[in-house]
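Scroll down for the structure; my scribbles are underneath it.
The values are calculated or read from the model by the stated rules, or taken from the named source; none is laboratory data. Just so we're clear, the structure is a prediction, and the values are computed from it rather than from any experiment. Counting neighbours? That spans all protein chains shown, and the Cβs are built from the backbone with ideal geometry, glycine included.
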Amino acid sequence: MRQVFIALIFLFSMIDSASAHSWMAPESEANRKNPNPASEESIKKGQDLFTLNCRDCHGLSAKGLSKNETGLSKDTPDLPKRLKTHSDGDFHWKIIHGKGDMPSFKDEIPEREIWDIVNYINSLK
């Protein structure tokens, strides 16, 4: 019985993990490297931009908020935790393109500043 329980826990964790990571950038975009060095200036600019554009959905700490807190269709992700499985290019692509509740920022934030936001998220490790 215990083995069945452990197997079920493993299965549910795999399903949760798969759904949490089903939205990924195309490989060519995910492999893009951040052209902005992670300087204090870039991180600070990224923090300011994150606070202005991302905080309401992802929280000030970027650890995500519940759908009850945001009014969105699902909880927002813990971004520092996602750094383990998502590249800079992946974050950049998602910010540009958006999907579902996540808006596209391609017409709102210049590309260089999107990379600053990625540097800020990386600083939260």
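Condition check ((1) touching a strand residue (DSSP E or B) at 6+ places or on another chain (Cβ under 9 Å); (2) outside any loop (DSSP other than H, G, I, E, B); (3) among the charged types (D, E, K, R)) across all residues:
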{"residue": "P37", "(1), (2), (3)": "no, no, no"}
{"residue": "D48", "(1), (2), (3)": "no, yes, yes"}
{"residue": "T51", "(1), (2), (3)": "no, yes, no"}
{"residue": "A62", "(1), (2), (3)": "no, no, no"}
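Here F105 qualifies as in contact with a Gly (Cβ under 8 Å, 6 or more places away or on another chain), at pLDDT 95 or above and within 19 Å of Y120 (Cβ to Cβ). Selection of the stretch 41-73 for residues being buried (at least 16 other Cβ atoms within 10 Å of the Cβ), closer than 21 Å to S104 by Cβ and among the β-branched types (V, I, T) yields only T70. Taken over the stretch 64-73, residues that are without any contact (Cβ under 8 Å) to a residue 24 or more places away in the chain and part of a loop (DSSP other than H, G, I, E, B) amount to 4.
Identify, please: which residue in the stretch 74-117 is hydrophobic (A, V, I, L, M, F, W, C) and assigned to a helix (DSSP H, G or I) and is, among those, surrounded by the most Cβ atoms within 10 Å (Cβ to Cβ)? Only one residue fits best here, namely I117.
When each of A20, A25, A38, A30 is tested for being over 18 Å from K106 (Cβ atoms), modelled with pLDDT of 90 or more and surrounded by 12 or more Cβ atoms within 10 Å (Cβ to Cβ), the lone residue that passes is A38. Residues in the stretch 68-86 that are among the acidic types (D, E) and more than 14 Å from L124 (Cβ to Cβ): E69, D75.
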